[in-house]
Amino acid sequence: MTRRPIPAVVAATLVLCLATPVAANNGLNLIGFGAESITMGGADLAVARDTSALNTNPAGLMRIADRQMDMHHTVAHALDVRHRDGFGNDAEVSNRNILLGSLGYARRLPDRPVTVGIGLFAQGGAGNDFRNLTTAFGTEDELSAAFRIAKLTTGLAWQATPTVALGGSVSLFYADLNQRIFPDTSVHEGGAPEEGFFGYALRDMDVLTPGFKLGAMITPSERVSLGLAYTSGVDLSMNGGTLTSDFSALGLGKVTYRDVRATGTDLPRELGVGVAFRPTPRLLTAAELNWLDWSKAVKRTTLTAAAPDDPDAPPVLAAESDMNWRDQYVIALGMAYDWSDKLILRAGYNYGRNPVPEQHMNPLLAAIARHTYTLGLGYRLAGRWRIDGGLEYVGREKVRFTNPELPFGPDAVAVHEVLAFHMMLVYR
């Protein structure tokens, strides 16, 4: 049997990691990484044992005995993701299907208590696309955003003692943003230009920035293991794109600004602790508690644009918006049962406190999911291959909000309900 995966499968995974919209369940983050992690509800800190340990608990790389490659693919479907407001809108998202992927490889160094690995992961993000909305200004227009976060990660684990493994990983994050806020709507009834409304399209904003993760795994017996992980915060301030604003109401048409900067939507510091316990040789149970520092990561967003292509246009555009997200506490529970020598059954539950205050809700960044339920299985194929799969159901959430900074009026509604299918090929 060949020692290398089919090139087309690897290429497809790379495309999904780098170029696909992302939906997340723990704020802007996914609940887990890899099919086993996700189908056990994200309770992975004390369980990590595949290449996704790079992104959960790097110390878990020590559980890879020789070499391993994992290719993880996800298809998420919006069962009911919609926006309602007082202008007669009750619109479902048009981007109902979302594709995700990850790819990892790890190897134990010969005759050394060290395992090294590298991986490419779809980390998280947000984005909805609502078409043909009736605006507060009497027009019909589009409201959409695609905020995507991927990362290239390398790391290692060291078996410090027979019962303690330590690990760390360093990541290069790539994030990009495209946004359309009623781009064909332009309203001005006299007075200063800032007293009107001028829709805009934001294109090709991006950033490349580092981050790191540290982890430990303690295994005092064959039945019990403890996991601990710390993740650094990541500054996702973006630039390099363009902003095109509709100044038709001022007689200028659409004006493009070339010097654009967006700040204030970052990834948080994280601290998590988990425990795994085997009450019987066939049954594995896991529990985990995580803290995500969203109150520092998403506090106030700013968008500035300069260098317009029309000298008669305002020389600088600036907008600020309070977000004031709350810290999030996530509880994850999971189990895995060896039904036979080849078949493994898995289930999990993940609860994450909604970090978004109602008065700062934005339908394009509605990270309101709280309850996630998962089911999965793993099957050992002939030779060195295993296939893992499962379902992830993000329970329906409905939030009524009034955000005075956005033109949606009082008592707008955000609804979120998603179903995802996961599949991972494992080669040992």
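Can you tell me which residues in segment 96-120 are under 30 Å from Asp80 (Cβ atoms) and in contact with a Gly (Cβ under 9 Å, 6 or more places away or on another chain)? Residues satisfying the conditions are Ile98, Ser102. Within segment 136-159, restricting attention to residues that are of a type in the set (Phe, Trp, Tyr) and farther than 24 Å from Ala229 by Cα, the residue that is most open to solvent (accessible area, probe 1.4 Å) is Phe137.
Residue-by-condition table, conditions (1) more than 18 Å from Leu54 (Cα to Cα); (2) under 17 Å from the mean Cα position of the chain (by Cα); (3) at pLDDT 95 or above:
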position	(1), (2), (3)
Asn178	yes, yes, no
Tyr200	yes, no, no
Asp235	yes, yes, yes
Ser248	yes, no, no
Asp259	yes, no, no
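For segment 111-124, the tally of residues that are modelled with pLDDT of 90 or more, buried (at least 19 other Cβ atoms within 10 Å of the Cβ) and either not in a strand (DSSP E or B) or not aliphatic (A, V, I, L, M) (or both) stands at 4. Write out, first by first residue and then by second, each pair whose Cβ atoms fall under 6 Å of each other, whose residues are 6+ apart or on separate chains, and whose first residue, in segment 22-43, is at pLDDT 90 or above while the second is among the basic types (Lys, Arg) and not in a loop (DSSP other than H, G, I, E, B). Listed by first residue and then by second, the contacts come to Thr39/Arg346; Met40/Arg346. Within segment 111-133, the set of residues being of a type in the set (S, T, N, Q) and farther than 13 Å from Asp184 by Cβ comprises Thr115, Gln123, Asn128. Looking only at residues of segment 213-228 that are among the β-branched types (Val, Ile, Thr) and not in a loop (DSSP other than H, G, I, E, B), we find that the one that is most open to solvent (accessible area, probe 1.4 Å) is Ile218. Just a yes or no: is a residue in segment 355-368 at pLDDT 95 or above, open to solvent by 30 Å² or more (accessible area, probe 1.4 Å), out of contact with any His (no Cβ under 6 Å at 6 or more places or on another chain) and not polar (S, T, N, Q)? So far as segment 355-368 goes, no, none of its residues is at pLDDT 95 or above, open to solvent by 30 Å² or more (accessible area, probe 1.4 Å), out of contact with any His (no Cβ under 6 Å at 6 or more places or on another chain) and not polar (S, T, N, Q).
The condition of being modelled with pLDDT under 95 and farther than 27 Å from Asn95 by Cα holds for only one of Ala336, Ala313, that being Ala313. Just one of the listed residues (Glu194, Glu189) is modelled with pLDDT under 90 and either in a strand (DSSP E or B) or within 20 Å of Pro404 (Cα to Cα) (or both), namely Glu194. Where strands (runs of 3 or more DSSP E) sit wholly within segment 70-110, none has at least 3 residues that are of a type in the set (Val, Ile, Thr) and open to solvent by less than 70 Å² (accessible area, probe 1.4 Å). Screening the candidates Leu214, Leu228, Leu152, Leu208 for the property of being touching a strand residue (DSSP E or B) at 6+ places or on another chain (Cβ under 8 Å), free of Cβ contacts under 8 Å to residues at least 40 places away in the same chain and within 22 Å of Asp44 (Cα to Cα) yields one hit, Leu152. All of Asp310, Asp246 fail the test of being among the acidic types (Asp, Glu), open to solvent by less than 40 Å² (accessible area, probe 1.4 Å) and part of a strand (DSSP E or B), apart from Asp246. Just checking, does segment 341-355 include any residue being touching a residue at least 40 places away in the same chain (Cβ under 8 Å) and out of contact with any strand residue (DSSP E or B) (no Cβ under 7 Å at 6 or more places or on another chain)? Within segment 341-355, one or more residues are touching a residue at least 40 places away in the same chain (Cβ under 8 Å) and out of contact with any strand residue (DSSP E or B) (no Cβ under 7 Å at 6 or more places or on another chain). Restricting Asn55, Asn132 to residues that are at positive phi and at pLDDT 90 or above narrows the list to Asn132. Could you tell me which residue of segment 313-339 is farthest from Gly274 (Cα to Cα), considering only residues that are of a type in the set (Phe, Trp, Tyr) and assigned to a strand (DSSP E or B)? Among those that are of a type in the set (Phe, Trp, Tyr) and assigned to a strand (DSSP E or B), it is Tyr337.
Please state which one of Arg380, Arg384 is surrounded by 14 or more Cβ atoms within 10 Å (Cβ to Cβ), without any contact (Cβ under 8 Å) to a residue 40 or more places away in the chain and over 24 Å from the mean Cα position of the chain (by Cα). Unique residue meeting the criteria: Arg380. Among residues that are more than 22 Å from Thr139 (Cα to Cα), surrounded by fewer than 16 Cβ atoms within 10 Å (Cβ to Cβ) and of a type outside the set (Gly, Ala, Ser), Leu172 is included.
The values are calculated or read from the model by the stated rules, or taken from the named source; none is laboratory data. Only a predicted model underlies this, so the values are computations on that prediction, with no experimental measurement involved. Virtual Cβ from ideal backbone geometry, glycine too; neighbours counted across all protein chains shown. To get the accessible areas, we keep the full protein, side chains included, count just its heavy atoms, and leave off ligands, DNA and RNA. Shrake-Rupley method; radii C 1.70, N 1.55, O 1.52, S 1.80 Å.
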